[in-house]
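Beneath this line is the structure, given in structure tokens, with notes to follow.
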Amino acid sequence: MISTFIGDIYGNMLGFNRNTSLTNLSKSNMYSFYSDDSILTMATYKALTEAHLEDDEDVKNHFIDEYKNFYFADSLRAYGGSFVKWCKSDSREPYNSYANGSAMRVSPVVFFSSSLVQCQRLAKLSSIVTHNHPEGLKGALAISSCIYLAKENKSKEEIYSYITDKYYPELLDREFLKENILKFTSAAKITVPLAIAIFLNSKSYKDIFHYIKYVYDKDTILAMSLDIGEVYYKDEVLPFISQFIPYIPDKYIDILKKMYENQDRIKNLLEKKSI
Ligand SMILES: [Mg+2]
């Protein structure tokens with residue numbers, strides 16, 4: 001979703017310059033800051049628009065093709081080492097990753113789902129083509145479920161209860177955020193529940209940004225957390241879209257326009273970029 005770009009770009013700006021703030025974004029090197037999170041999210045969307053969604057093998061094949069295609073079309077963007085190796089090989093087999101790569105790119109599945117079951121089925125297919133390790137897969141299932149439940153207007157309590165029951169009982173420990181926020185890792189097992197905890201603790205879409213100074217994998221954690229926040233806090237995302245659109249290349253704006261063709265407020269902002 002578009003919040004993947006917002007989180008990805010802001011997280012990388014902050015990693016590059018600790019003095020970055022929402023009122024003081026870098027004006028130079030406009031396209032320098034988006035990375036794998038955003039590109040592969042666009043790939044997830046493209047694959048789903050072209051696949052026969054009822055056919056698991058066809059969906060998986062489209063994911064494999066598009067993840068590799070999008071990588072080669074924009075390859076110098078801080079991808080994970082194992083992902084790069086997989087893209088450059090002829091392999092169409094997964095490599096058992098337990099990192100957060102499949103959780104960071106999963107958000108578009110909600111656009112193709114009219115039930116939580118369908119959402120989780122597509123999330124699973126998008127994950128297991130690379131991240132077939134149980135923790136990698138769980139990360140993608142948990143993030144997509146949070147976004148879907150927010151889309152269904154579920155409360156934070158309901159989302160919290162679903163996620164702690166099904167995926168991350170460790171979030172029942174109310175100190176989880178405090179105890180894990182400084183951990184130096186990209187493992188889905190830590191970063192995904194952290195992103196969910198940041199969303200659950202936030203008071204607004206903007207508030208999510210405040211936590212990100214402290215975490216290690218800034219772009220990905222912020223992207224995942226803001227994707228849930230975008231759906232939960234609804235129109236609060238609009239000023240941030242206006243603010244970050246200049247940092248998104250036109251080729252991805254074209255994909256985002258299709259993604260949001262049924263959401264007029266966001267679509268109108270995206271249309272403005274092309275004028
Ligand atoms: Mg990244």
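Bear in mind these aren't lab numbers, they're just calculated from the coordinates by the rules spelled out. Not measured: the values here are computed from a predicted model. A quick note on method: Cβ atoms are made from the backbone with ideal geometry, for glycine too, and the neighbour counts reach across all protein chains shown.
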Two-site label geometry, Ser82 and Lys267: point separation in nm, points 7 Å out along Cα→Cβ:
4.0
In debye, nearest 20: dipole of the chain around its Cα centre with unit charges on the Cβ of K, R (+) and D, E (-)?
740
Which FRET efficiency value, to the nearest 0.05, do you get for Glu170 and Ser114 by plugging their Cβ-Cβ distance into 1/(1 + (r/R0)^6) with R0 = 25 Å?
0.20
Could you give the size of the charge dipole of the stretch 63-137 about its Cα centre, using +1 on the Cβ of each K and R and -1 on the Cβ of each D and E, expressed in debye and rounded to the nearest 20?
40
Which shape class, rounded, prolate or oblate, goes with the stretch 51-131 when its Cα gyration tensor gives a ≥ b ≥ c as root eigenvalues, a/c under 1.5 marks rounded, and past that a/b bigger than b/c marks prolate?
prolate
What aspartates and glutamates could a cross-link reach from Lys138, if we take a straight Cα to Cα line under 14 Å and drop same-chain neighbours fewer than 8 places away?
Asp165, Glu170
Expected vector for the stretch 242-251, Karplus 3J(HN,Hα) from phi with 6.51, -1.76, 1.60 and θ = phi - 60°, integer Hz, x for Gly and Pro, equals 4, 5, 9, 3, x, 8, 9, x, 4, 5
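Starting from the stretch 10-100, pick out the trypsin sites (Lys or Arg not before Pro) whose DSSP state is loop and whose Cβ has at most 11 other Cβ atoms within 10 Å.
Arg18, Lys27
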Once you order the gyration tensor axes a ≥ b ≥ c over the Cα atoms, which shape class does the stretch 90-192 get: rounded for a/c under 1.5, otherwise prolate or oblate by comparing a/b with b/c?
oblate
What are the radius of gyration and Dmax of the stretch 88-135, computed over its Cα atoms and given in Å?
11.5, 36
Positive end of the charge dipole of the stretch 24-149 (Lys, Arg +1 and Asp, Glu -1 on Cβ, about the Cα centre): tell me which of Phe70, Phe112, Ala47 has its Cα farthest that way.
Phe70
Using θ = phi - 60° and the Karplus curve 6.51 cos²θ - 1.76 cosθ + 1.60, what whole-Hz ³J(HN,Hα) does each residue of the stretch 30-41 get, with Gly and Pro shown as x?
3, 9, 6, 9, 6, 9, 3, 3, 5, 5, 6, 5
Given that compact globular proteins tend to follow 2.2 N^0.38 Å, what is the ratio of the alpha-carbon Rg of the chain to that value?
0.92
Most positive-pole-ward Cα, Asn100, Pro134, Thr20, against dipole of the chain from beta carbon charges
Thr20
How large is ³J(HN,Hα) for each residue in the stretch 157-173, as worked out from phi by the Karplus curve 6.51 cos²θ - 1.76 cosθ + 1.60 (θ = phi - 60°), to whole Hz, x for Gly and Pro?
4, 5, 5, 4, 5, 5, 5, 6, 6, 9, 10, 10, x, 4, 6, 5, 6
How about the stretch 177-275: which chymotrypsin sites (Phe, Trp or Tyr not before Pro) there are in a DSSP loop, with at most 15 other Cβ atoms within 10 Å of their Cβ?
Phe184, Tyr214
Where does the longest stretch of the chain lie that holds no GluC sites (Glu not before Pro) found in a DSSP loop with 15 or fewer other Cβ atoms within 10 Å?
55-151
Over the stretch 130-275, what portion of Cα pair distances is larger than 27 Å, expressed as a whole percent?
25
Considering only Cα-Cα distances, which of the following residue pairs are longer than 31 Å: Lys213/Lys273; Lys85/Lys178; Lys46/Lys189; Lys60/Lys273; Lys154/Lys251?
Lys85/Lys178; Lys60/Lys273; Lys154/Lys251
Can you list which of the chymotrypsin sites (Phe, Trp or Tyr not before Pro) found in the stretch 29-107 are DSSP loop residues with at most 14 other C-beta atoms within 10 Å?
Tyr31
